[in-house]
1. Just a yes or no: is a residue in region 177-189 closer than 30 Å to residue 83 by Cβ and open to solvent by less than 30 Å² (accessible area, probe 1.4 Å)?
2. Please specify each residue of region 33-49 satisfying the condition of being open to solvent by less than 70 Å² (accessible area, probe 1.4 Å) and farther than 25 Å from residue 84 by Cβ.
3. Please go through region 96-106 and give me each residue that is more than 12 Å from the ligand (Cβ to nearest atom), without any contact (Cβ under 8 Å) to a residue 60 or more places away in the chain, within 13 Å of the chain's Cα centre (by Cα) and open to solvent by 10 Å² or more (accessible area, probe 1.4 Å), ordered by number.
4. For region 81-95, give me each residue that is closer than 18 Å to residue 138 by Cα and open to solvent by 40 Å² or more (accessible area, probe 1.4 Å).
5. For residue 129, state whether it is open to solvent by 40 Å² or more (accessible area, probe 1.4 Å), acidic (Asp, Glu) and over 15 Å from the mean Cα position of the chain (by Cα).
6. Would you confirm whether any residue within region 65-77 is part of a loop (DSSP other than H, G, I, E, B), over 15 Å from the mean Cα position of the chain (by Cα) and aliphatic (A, V, I, L, M)?
7. Filter region 117-150 down to the residues that are within 16 Å of the ligand (Cβ to nearest atom) and closer than 23 Å to residue 72 by Cβ and list them by number.
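The values are calculated or read from the model by the stated rules, or taken from the named source; none is laboratory data. Small disclaimer: the values here were computed from a predicted structure and weren't measured. Glycine also receives a Cβ, built like all others from the backbone with ideal geometry; neighbour counts cover every protein chain displayed. Please note that ligands, DNA and RNA were not included when accessible areas were found on the heavy atoms of the full protein model with its side chains. Shrake-Rupley method; radii C 1.70, N 1.55, O 1.52, S 1.80 Å.
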Amino acid sequence: MKTALIVVDVQNDFCEGGSLPVAGGAQVAADVARLLHERAAGGEAAPAYDHVVATKDHHVDPGDHWAREPDFVDSWPVHCRVGTEGEAFHPNLDPQPFDAIFLKGEHQAAYSGFEGTHDGRPLAQWLRDHEITRVDICGIATDHCVRATALDAAGEGFETTVLLDLCAGVAPETTEAALAAMREAGVGLAGD
Ligand SMILES: [Zn+2]
């Protein structure tokens, strides 16, 4: 049984100072970096992931996913535009030892990392090609892209756990709704 960690959308625009900031985003970046350093250092307490991958919101022209007057439900301020600093990983993540980075949403909204591809290969296929059966998920935002990624992971048949201590949510109500939906779908919630 092999396990992968999926780090969802820890990008500048989703952290403090970005165009669509989530409170606690920069802290998530730092905490994920610490976890990855512990993994790299090895030892008994080190997290034993066979692979660590990341996803990125990666927009060129995502249509009405961007809006001048966003409703913050289906439309959002311009964010994660390809070629901008906002699209880059948060510097707290540095260095970024990811085995693969899955880019999503070039021309449409794409909340789930499972809509992303790495060198043309979709995330689910990449995980199966690497014999992954279990995934841990962390990142930003609990109530949007983490939620969508976790629901897809469970739907694809992966044994799925969300690491809540390594996530940040936009709003309390939508985060609570996300936790309920994930629980309902059989997703494990660690640090709940
Ligand atoms: Zn987006």
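1. No, the conditions are met nowhere in region 177-189.
2. 35, 39, 42, 43, 46, 47, 49, listed by residue number.
3. 101
4. 91, 92, 94, 95
5. The answer is yes for residue 129.
6. Looking for residues that are part of a loop (DSSP other than H, G, I, E, B), over 15 Å from the mean Cα position of the chain (by Cα) and aliphatic (A, V, I, L, M), one finds at least one in region 65-77, hence yes.
7. Result: 139, 140, 141, 142, 143, 144, 145, 146, 147, 148, 149.
Conditions tested, residue by residue: (1) more than 16 Å from the ligand (Cβ to nearest atom); (2) in contact with a helix residue (DSSP H, G or I) (Cβ under 7 Å, 6 or more places away or on another chain); (3) more than 20 Å from residue 168 (Cα to Cα); (4) not hydrophobic (A, V, I, L, M, F, W, C).
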| site | (1), (2), (3), (4) |
| --- | --- |
| 12 | no, yes, no, yes |
| 39 | yes, no, yes, yes |
| 43 | yes, no, yes, yes |
| 91 | yes, no, no, yes |
| 108 | no, yes, yes, yes |
